[in-house]
Amino acid sequence: MTPGPDMIALVTGASRGFGYAAAAALGAAGATVVGMARTVGGLEDLADAIEAAGGPGPVLAPLSIADEGGLARLCLAIHERWGRLDLVVHAAAHAAPLSPAHHIAAKDFDASVEVNLRGTQRLIRMVAPLLEAAPAGVFVQVADDRAGRPFWGSYGATKAAADALAASWARETERIGPRVLLFRPEPMPTALRSRFYPAEDRSRLSPCRAEAARLLAELAAVPSLA
């Protein structure tokens, strides 16, 4: 799968960090990007970046992954306009404050479950028909293995569950499609990471754009279904 003018790609978490970098790289390669995120300003910056790179104007969807009705309306609009999705990159995630497991606030754990786990489940359920309608649809789960790390219980548990859900879907569809990939970026200098590692030497981290380029290279190597 090589990004180009015929590709319709939905990217969640597209207003910052890895999601932004992946959406910008796809748009610069000529794909029509549907950028979804809660932050309107970041989405507008994404549109400027794609258009400055000569890519087609993206569709901006200021929407939370927790908004089931809004996500349903977005997928219906995609169906009515294009009839398919060739690629979904799921980068949206919620990182609750670090806390010992026995001190995790209920509201923080509930938000983690709603965004990281239920958000992934509802996204899979709603985009599956659009990916199945494409000649070779691909779903990318941006994975992050922090399960069992001290103080990361809320994020680590819900992200691990979401990644396991995507891995199950990958096994279920490996013969019939869509392709499901779990992509694990190297540590990146994102604003989210800096909240938890404020004294870290950011120069030692992999730039988001470099990890986005690595994802595009992996997509180019995805074999077609027999």
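The values are calculated or read from the model by the stated rules, or taken from the named source; none is laboratory data. Remember, predicted model here, so these are calculated numbers, not experimental data. Please note: Cβ atoms are built from the backbone with ideal geometry, for glycine as well, and neighbour counts cover all protein chains shown. These accessible areas exclude ligands, DNA and RNA; they are computed on the full protein's heavy atoms, side chains included. Shrake-Rupley method; radii C 1.70, N 1.55, O 1.52, S 1.80 Å.
Between a first residue in segment 174-194 that is among the hydroxyl-bearing types (Ser, Thr, Tyr) and a second residue that is open to solvent by 30 Å² or more (accessible area, probe 1.4 Å), which pairs have beta carbons less than 9 Å apart while being 6 or more apart in sequence or on different chains?
That search, which allows pairs on different chains as well, returns THR190/ARG16; SER194/GLU200; SER194/ARG202.
Of all residues in segment 170-226, how many are in contact with a helix residue (DSSP H, G or I) (Cβ under 9 Å, 6 or more places away or on another chain) and among the hydroxyl-bearing types (Ser, Thr, Tyr)?
4
So which residues in segment 1-17 are β-branched (Val, Ile, Thr) and assigned to a loop (DSSP other than H, G, I, E, B), if there are any at all? Walk me through how you get there before you give the answer.
Taking segment 1-17 as the starting set, the residues that turn out to be β-branched (Val, Ile, Thr) are 2, 8, 11-12.
Matches in segment 1-17: THR2 only.
Against the condition more than 14 Å from THR158 (Cβ to Cβ) and not aliphatic (A, V, I, L, M), how does ARG84 come out, does it pass? Show your work before the answer.
Numbers: more than 14 Å from THR158 (Cβ to Cβ): yes; not aliphatic (A, V, I, L, M): yes.
Yes; evaluated as a whole, the condition is true for this residue.
Quick check: is even one residue across segment 135-149 of a type in the set (Val, Ile, Thr), open to solvent by 60 Å² or more (accessible area, probe 1.4 Å) and out of contact with any Pro (no Cβ under 8 Å at 6 or more places or on another chain)? Quick ask: steps written out before the conclusion?
We begin by selecting, within segment 135-149, every residue of a type in the set (Val, Ile, Thr); these are 138, 140, 142.
Then drop every residue that is not open to solvent by 60 Å² or more (accessible area, probe 1.4 Å), which leaves none.
Scanning segment 135-149, I find no residue that is of a type in the set (Val, Ile, Thr), open to solvent by 60 Å² or more (accessible area, probe 1.4 Å) and out of contact with any Pro (no Cβ under 8 Å at 6 or more places or on another chain), so the answer is no.
Looking at segment 176-224, which of its residues are open to solvent by 80 Å² or more (accessible area, probe 1.4 Å) and touching a Ser or Thr at 6+ places or on another chain (Cβ under 7 Å)?
Passing the criteria: only GLU186.
Given the criterion of a type outside the set (D, E, K, R) and over 29 Å from TYR155 (Cα atoms), identify the matching residue among GLY30, GLY69.
GLY30
Criterion first (part of a helix (DSSP H, G or I) and of a type in the set (Lys, Arg)) does ARG146 satisfy it? Full working, then the answer.
Working: part of a helix (DSSP H, G or I): no; of a type in the set (Lys, Arg): yes.
Answer is no for this residue.
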